[in-house]
Amino acid sequence: MNLFALTDVAGARLIRFPLSADVSEEISAVFSGQRDRFLDGIDTVVPFDGRYTPEEGELLSINDFADVDGLLAAVTNPLSIDQYDPEIHSLDLVRALFTGIEIDDRFQVLVQLFERRRVISRAGFTLFFANNQFQRVTDSGLSLDTKLLAVLEGDTLKFKSFHFAKRVFDLSDYYREATNEEVTLFAGHEKLSVQDVQAFLGGAGQQIRKKISLIRQSAVLESFSAEQIVAVAASMQFQIDLTDDGKIVVPSNSTELKKLLRFLDEDYYESPLSNTRFISSSKRRAD
């Protein structure tokens, strides 16, 4: 079995990790087990529309998925992918790990989300225990996740969480815009303060509606308090104001509103190399 990485490097986005025979067998067993758990108990596959959060026993799917990064081609022809070279490639830029498994003469691509905290860096002072003593890590490494993010078979992508799937795949062409009712519900959220809801609804164009749909899908407003959101924004040098009763002030100015929606949809990120802050326009996350 081959192990690959999808990275945020422009151009050749895929790399292949060289593996010893025994490690290859172990990774094969790990991914196969995760595939079984990913599909275990699934009795309903729901077409993704950007709105529905799957329940127990359900998966989301996108048919006619555009595999623009060539994951399926990589697992069917692994030698066509550049091998990992620590002098060239940075593990900090890995966004996902994946491998392929052949089922009934068809390859399935098994995908894990990869986060920067899973990088084992030689820059620090990291120890591991072997032969009854601790030894220092002298080379870079990585650790696998405990579960799959998605399975790609043919042109069908199956996943459980849109919030995490969009960190790996560009799903902007597959989600829907928020309706008038949804825009109004968003404007009336208990953690938001909108000065004029009707004016907000009237000014909600296509881009704003897509952002609102994504924010509602990610449930970021339900997952974090207004104070937590403001604190994170401050760490990114992004100012968010609160009302006297602790609600997030939603700007009436279109430009400022879009900036807030971008932040709530987690479009802001920091480069791991230069610590430079960017705004993403492609919905792709670095970690």
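The values are calculated or read from the model by the stated rules, or taken from the named source; none is laboratory data. Predicted, not measured: the structure shown is a model, and the values here were computed from it. Here the Cβ positions follow ideal geometry from the backbone for every residue, glycine too, while neighbour counts run over all protein chains shown.
Every residue, every condition in (1) of a type in the set (A, V, I, L, M); (2) under 30 Å from A74 (Cβ atoms), yes or no:
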{"site": "T146", "(1), (2)": "no, yes"}
{"site": "F169", "(1), (2)": "no, yes"}
{"site": "L201", "(1), (2)": "yes, no"}
{"site": "Q206", "(1), (2)": "no, no"}
{"site": "E227", "(1), (2)": "no, no"}
{"site": "A231", "(1), (2)": "yes, no"}
{"site": "I240", "(1), (2)": "yes, no"}
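Filtering A5, A66, A29 for residues that are within 18 Å of A150 (Cβ to Cβ), not acidic (D, E) and not in a loop (DSSP other than H, G, I, E, B) leaves a single hit, A5. Of all residues in the range 9-25, those satisfying the criterion of being assigned to a helix (DSSP H, G or I) and surrounded by fewer than 14 Cβ atoms within 10 Å (Cβ to Cβ) are A21, D22, V23, E25.
Listed conditions (1) without any contact (Cβ under 8 Å) to a residue 40 or more places away in the chain; (2) surrounded by 13 or more Cβ atoms within 10 Å (Cβ to Cβ) are all met by G41, apart from (2).
In the set P78, P86, which member is surrounded by fewer than 20 Cβ atoms within 10 Å (Cβ to Cβ) and at pLDDT 90 or above? Lay out the reasoning, then the answer.
On the way: P86 fails: at pLDDT 90 or above.
Selected residue: P78, the only one of P78, P86 that is surrounded by fewer than 20 Cβ atoms within 10 Å (Cβ to Cβ) and at pLDDT 90 or above.
Selection of first residues in the range 255-276 that are farther than 17 Å from L171 by Cα and modelled with pLDDT under 90 and of second residues that are surrounded by fewer than 18 Cβ atoms within 10 Å (Cβ to Cβ) and of a type in the set (D, E), restricted to Cβ pairs under 8 Å at least 6 apart or on distinct chains, gives the following pairs, ordered by first then second residue: P272/D92; L273/D92; T276/E270.
Before we move on, is I62 assigned by TED's automatic domain parsing to the domain that holds A150, under 22 Å from the mean Cα position of the chain (by Cα) and closer than 22 Å to I103 by Cβ? Here the answer is yes, as I62 does meet what is asked.
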